[in-house]
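> This is the structure I want to talk about, given as structure tokens.
Throughout, read-outs are computed from the coordinates displayed, never taken from laboratory work. Please read all numbers here as calculations on a predicted model, not as lab measurements. We place every Cβ from the backbone using ideal geometry, glycine too, and count neighbours over all the protein chains shown.
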Amino acid sequence: MVKYSFGEIDPKTMARAYGKELNISPKHALEISSALRGMTVEKAQHYLQKVIRLEKAVPFRRYGSVGHRRGGMGPGRFPVKASKRFLRLLHEVAANAELHIDAEPKELKIIHLSAYKGEKVDSWFPRAHGRSSPKRREKVNVEIVVKKIEEPEG
């Protein structure tokens with residue numbers, strides 16, 4: 001069973017989804033989660049689709065040593081791989097909400113979205129002259145909790 005850091009949820013108005021050990025960058029996952037927090041599910045899906053099409057960048061606030069993007073946004077990037085995984089999780093939480101609380105994506109607001117480091121996978125990278133170097137890949141856990149809102153935003 002998956003443990004959530006959110007605590008107790010109301011099964012009549014809330015739904016949740018959990019992405020365990022996703023093979024994406026922890027930095028990208030943290031920046032995407034801070035960008036999506038507080039949006040409706042429908043708005044977040046449109047935002048991530050624009051990121052995947054390289055039309056809108058994700059602002060990098062914590063890891064800001066990247067170049068500025070057009071439109072006066074400031075530092076940002078286009079994390080396509082992580083955006084695809086987040087989009088899949090948003091589809092899953094929308095399906096859970098439709099099944100359990102009978103709510104559409106435009107009626108669901110993201111009230112909790114956290115991304116944190118998962119396990120580290122060790123492997124070896126072949127080098128010249130028969131040598132090898134260690135290679136470590138970090139995985140990410142992502143949890144989403146949405147709540148049904150009474151009046152969808154316009």
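> Measure off 7 Å from each Cα along the Cα-to-Cβ vector at LYS20 and ARG37, then give the distance between these two points in nanometres to one decimal.
2.4
> Under a 10 Å cutoff between Cα atoms, tell me which one of GLU92, GLU107, GLU55 has the largest fluctuation in the Gaussian network model of the chain.
Maximum among the listed residues: GLU55.
> For segment 14-57, what is the convex hull volume of the alpha-carbon atoms per residue, in Å³? All intermediate terms of the calculation are to be shown ahead of the outcome.
Values: hull volume 4.0 nm³, N = 44.
About 90 Å³ per residue, rounded to a whole number.
> Also, quick follow-up: Between ARG136 and ILE52, what's the calculated FRET efficiency when r is the beta-carbon distance and R0 is 30 Å? Round to 0.05.
Numbers: r = 27 Å, r/R0 = 0.91.
E(calc), rounded to 0.05, equals 0.65.
> Would you mind telling me which residue in GLY19, GLY118, GLY130 has the biggest mean-square fluctuation in a Gaussian network model of the chain, where springs connect alpha carbons within a distance under 10 angstrom?
GLY130
> A 26 angstrom limit on the alpha carbon distance is what I want to check against. Which of LYS84/LYS147; LYS81/LYS148; LYS81/LYS135; LYS120/LYS147; LYS50/LYS135 exceed it? If you can, show how the numbers build up before the last one.
Details: LYS84/LYS147 22 Å; LYS81/LYS148 28 Å; LYS81/LYS135 20 Å; LYS120/LYS147 32 Å; LYS50/LYS135 32 Å.
Too far apart for the 26 Å limit: LYS81/LYS148; LYS120/LYS147; LYS50/LYS135.
> Report the extension gain between SER65 and GLU98 in nm, rounded to one decimal, defined as 0.36 nm multiplied by the number of residues separating them, less their alpha carbon distance. Write down the numbers at each step before the final one.
Values: separation 33, 0.36 × 33 = 11.88 nm, distance 4.00 nm.
Difference between extended and current length: 7.9 nm.
> To continue, here is another question. Given the options ARG127, ARG61, ARG69, which has the most mean-square fluctuation in a GNM of the chain, springs set between C-alpha atoms less than 10 angstrom apart?
Most flexible of the set in this elastic network: ARG127.
> Tell me the mean residue ellipticity at 222 nm calculated for the chain from its helices only (DSSP H runs of n ≥ 4, each -39500 (n - 2.57), averaged over every residue, nearest 500).
On the way: 3 runs with 44 residues, N = 154.
Helix contribution divided over all residues of the chain: -9500 deg cm²/dmol.
> Using only the Cα atoms, what convex hull volume per residue in Å³ does the chain have? Could the numbers behind the result be given before it?
Details: hull volume 21.5 nm³, N = 154.
Dividing the Cα hull volume of the chain by its residues yields 140 Å³.
> Once the piece of chain linking ARG88 and TRP124 is laid out straight, how much longer is it, given 0.36 nm per residue of separation minus the C-alpha distance between them?
On the way: separation 36, 0.36 × 36 = 12.96 nm, distance 3.02 nm.
Full extension from ARG88 to TRP124 adds 9.9 nm.
> Between helix 41-52 and the chain, what is the angle of the helix's C-alpha long axis to the longest principal axis, kept within 0 to 90° and rounded to the nearest 10?
30
> Going highest first, how would you order 74-81, 108-115 by mean Cβ packing within 10 Å?
Details: 74-81: 17.0, 108-115: 20.8.
By packing density, highest mean first, the sequence is 108-115, 74-81.
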